[in-house]
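Asker: Below: one structure in structure tokens.
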């Protein structure tokens, strides 16, 4: 096990600035490209990250820490961001993500004061009992999964453009 | 085909600041972790990006644009960065990458003045004839490949920590 709360927060607090450095000012072609019908573009991935801050991570952490009778996680719709009006620009979305992520991390610092809390559990609808440290680790790797997705979606746009180099470029292997 | 020089440069010029936002200030545990024996850690990936600026991209582009008798690419050792002393910190390496990348992009603006140049060719040791636009597209996707690699290497560190969520996290599928 490698989980360490301070190191986990290091990654979580950098995701907004990483995405800003990567995405602000890019042409629409990069932001709007996807991997085919039913797949997300870069802007939709950022919507999903914002939604997670609002309805997934902190609510689930609070359920675990409440230690009450009902430790089942509240429902979370992974696709809800796709049904909303998506009128804001990518810059506005990145600013919102930065704001809600900062709020989440401030809340974490209020909620978690001792390593003993890491072993507290909640009930996941599919997996059953899960530990707080597993949920916190998952939050980190969820950020990394979606960073990886954004990079892969953008790469796909140049799949045929790279010509014979395609076989050398790991990100195009899927 | 989606290649467009200005859009390609948009990605190339953002890679250094993306890596800075993501990596500066992280604990050694994140920078030094790898995917097992013989695999690169985050710091070694940055070394490889620096090496590419010095010995790969611009030298190959210059060979294509020279249009002379010898259009064969100069040799390029993809592993040369591993044999050097790697004494600098990740912050120093990122600063060096930012500097050499800026120099490369300044050189591109001097070298490429017309879209007609995109169809000029050079000889790749393995593939034979390749076009300038394929090389430039490959440069972009090469950046994205190594961003993706860094994200994947860091994720690996928490593979067992995420517990039952492992199956939901795409970056852990390999």
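The values are calculated or read from the model by the stated rules, or taken from the named source; none is laboratory data. On a predicted model such as this, the values are computed, not experimentally measured, just so you know. Cβ: placed from backbone, ideal geometry, glycine included. Neighbour counts: every protein chain shown.
Asker: Mind counting the residues in segment B:32-42 that are in a helix (DSSP H, G or I) and buried (at least 19 other Cβ atoms within 10 Å of the Cβ)? Before you say what the answer is, go through the steps one by one.
Answerer: So the first thing to find is which residues in segment B:32-42 are in a helix (DSSP H, G or I), and the list is B:32, B:42.
Remaining after also requiring buried (at least 19 other Cβ atoms within 10 Å of the Cβ): B:42.
Residues flagged as in a helix (DSSP H, G or I) and buried (at least 19 other Cβ atoms within 10 Å of the Cβ) within segment B:32-42 amount to 1.
Asker: Within segment A:15-27, does at least one residue satisfy the condition of being without any contact (Cβ under 8 Å) to a residue 60 or more places away in the chain, part of a helix (DSSP H, G or I), more than 16 Å from the chain's Cα centre (by Cα) and buried (at least 17 other Cβ atoms within 10 Å of the Cβ)? Outline the logic, then answer.
Answerer: At the first step, the residues of segment A:15-27 found to be without any contact (Cβ under 8 Å) to a residue 60 or more places away in the chain are A:21, A:25, A:27.
Imposing the further condition that a residue be part of a helix (DSSP H, G or I) reduces the set to A:21.
Those still in the list that are more than 16 Å from the chain's Cα centre (by Cα) too: A:21.
This time we only want the ones that are buried (at least 17 other Cβ atoms within 10 Å of the Cβ), so: A:21.
Yes, segment A:15-27 contains a residue that is without any contact (Cβ under 8 Å) to a residue 60 or more places away in the chain, part of a helix (DSSP H, G or I), more than 16 Å from the chain's Cα centre (by Cα) and buried (at least 17 other Cβ atoms within 10 Å of the Cβ).
Asker: Residue check: is residue B:113 in contact with a strand residue (DSSP E or B) (Cβ under 8 Å, 6 or more places away or on another chain), over 24 Å from residue B:32 (Cβ atoms) and more than 9 Å from every other protein chain (Cβ to nearest Cβ)? Working first, answer last.
Answerer: Working: in contact with a strand residue (DSSP E or B) (Cβ under 8 Å, 6 or more places away or on another chain): no; over 24 Å from residue B:32 (Cβ atoms): yes; more than 9 Å from every other protein chain (Cβ to nearest Cβ): yes.
The answer is no for residue B:113.
Asker: Same structure, new question: Quick one: which of A:50, A:108, A:90 is more than 10 Å from chain B (Cβ to nearest Cβ), closer than 20 Å to residue A:119 by Cα and either crowded, with 19+ Cβ neighbours inside 10 Å or in contact (Cβ under 8 Å) with a residue 40 or more places away in the chain (or both)?
Answerer: Matching residue, one of A:50, A:108, A:90: A:108.
Asker: Here is a further query. Among the candidates B:157, B:101, single out the residue that is over 20 Å from the mean Cα position of the chain (by Cα), within 24 Å of residue B:44 (Cβ to Cβ) and touching a residue at least 24 places away in the same chain (Cβ under 8 Å). Spell out how you get there, then give the answer.
Answerer: On the way: B:101 fails: over 20 Å from the mean Cα position of the chain (by Cα).
Checking each option against the conditions leaves just B:157.
Asker: Answer with yes or no whether residue A:104 is closer than 26 Å to residue A:129 by Cβ and either assigned to a helix (DSSP H, G or I) or modelled with pLDDT of 90 or more (or both).
Answerer: Working: closer than 26 Å to residue A:129 by Cβ: yes; either assigned to a helix (DSSP H, G or I) or modelled with pLDDT of 90 or more (or both): yes.
Yes; evaluated as a whole, the condition is true for this residue.
Asker: Looking only at residues in segment B:63-83 that are in contact with a helix residue (DSSP H, G or I) (Cβ under 7 Å, 6 or more places away or on another chain) and part of a helix (DSSP H, G or I), which one is surrounded by the most Cβ atoms within 10 Å (Cβ to Cβ)?
Answerer: In this case the residue turns out to be B:64.
Asker: Among (1) within 8 Å of chain A (Cβ to nearest Cβ); (2) within 25 Å of residue B:66 (Cα to Cα), where does residue B:121 come up short?
Answerer: Unmet for residue B:121, out of (1) within 8 Å of chain A (Cβ to nearest Cβ); (2) within 25 Å of residue B:66 (Cα to Cα): (1).
Asker: Name the one entry in A:156, A:116 that is surrounded by 15 or more Cβ atoms within 10 Å (Cβ to Cβ) and out of contact with any helix residue (DSSP H, G or I) (no Cβ under 7 Å at 6 or more places or on another chain). Even if it seems obvious, please write down each step before you answer.
Answerer: Working: A:116 fails: surrounded by 15 or more Cβ atoms within 10 Å (Cβ to Cβ).
Sole residue among the options that is surrounded by 15 or more Cβ atoms within 10 Å (Cβ to Cβ) and out of contact with any helix residue (DSSP H, G or I) (no Cβ under 7 Å at 6 or more places or on another chain): A:156.
Asker: Condition first: closer than 17 Å to residue A:31 by Cβ and within 7 Å of chain B (Cβ to nearest Cβ). Now tell me which residues in segment A:153-166 satisfy that.
Answerer: Of segment A:153-166, the ones closer than 17 Å to residue A:31 by Cβ are A:153-158.
Within segment A:153-166, A:154, A:155, A:157, A:158 meet the criteria.
Asker: Which is touching a helix residue (DSSP H, G or I) at 6+ places or on another chain (Cβ under 9 Å) and facing chain B (nearest Cβ under 10 Å), of A:27, A:43? Break it down into steps so the answer makes sense when it comes.
Answerer: Details: A:43 fails: facing chain B (nearest Cβ under 10 Å).
Residue meeting the stated conditions: A:27.
Asker: Using the structure shown, decide if residue A:60 is within 14 Å of chain B (Cβ to nearest Cβ), in a helix (DSSP H, G or I), in contact with a helix residue (DSSP H, G or I) (Cβ under 8 Å, 6 or more places away or on another chain) and under 30 Å from residue B:130 (Cβ atoms). Before the answer, list the steps.
Answerer: On the way: within 14 Å of chain B (Cβ to nearest Cβ): yes; in a helix (DSSP H, G or I): yes; in contact with a helix residue (DSSP H, G or I) (Cβ under 8 Å, 6 or more places away or on another chain): yes; under 30 Å from residue B:130 (Cβ atoms): no.
No, not satisfied.
Asker: Just need a number here: residues in segment A:133-170 that are part of a helix (DSSP H, G or I) and more than 25 Å from residue B:168 (Cα to Cα). Reasoning before the result, please.
Answerer: As a first pass, look at segment A:133-170 and keep what is part of a helix (DSSP H, G or I): A:133-156, A:163-168, A:170.
Those still in the list that are more than 25 Å from residue B:168 (Cα to Cα) too: A:163-168.
Residues flagged as part of a helix (DSSP H, G or I) and more than 25 Å from residue B:168 (Cα to Cα) within segment A:133-170 amount to 6.
Asker: Go through segment B:1-14 and give me each residue that's without any contact (Cβ under 8 Å) to a residue 24 or more places away in the chain and more than 7 Å from chain A (Cβ to nearest Cβ).
Answerer: B:4, B:6
Asker: Still on this model: Listed residues A:132, A:169, A:136; which is within 9 Å of chain B (Cβ to nearest Cβ), touching a helix residue (DSSP H, G or I) at 6+ places or on another chain (Cβ under 6 Å) and touching a residue at least 60 places away in the same chain (Cβ under 8 Å)? Please lay out each step first, then the result.
Answerer: Numbers: A:132 fails: within 9 Å of chain B (Cβ to nearest Cβ); A:169 fails: touching a residue at least 60 places away in the same chain (Cβ under 8 Å).
Exactly one residue qualifies, and that residue is A:136.
Asker: Do the conditions hold for residue A:150, that is, is it within 23 Å of residue A:13 (Cβ to Cβ), surrounded by 15 or more Cβ atoms within 10 Å (Cβ to Cβ) and more than 13 Å from chain B (Cβ to nearest Cβ)? Full working, then the answer.
Answerer: Details: within 23 Å of residue A:13 (Cβ to Cβ): yes; surrounded by 15 or more Cβ atoms within 10 Å (Cβ to Cβ): yes; more than 13 Å from chain B (Cβ to nearest Cβ): no.
No, not satisfied.
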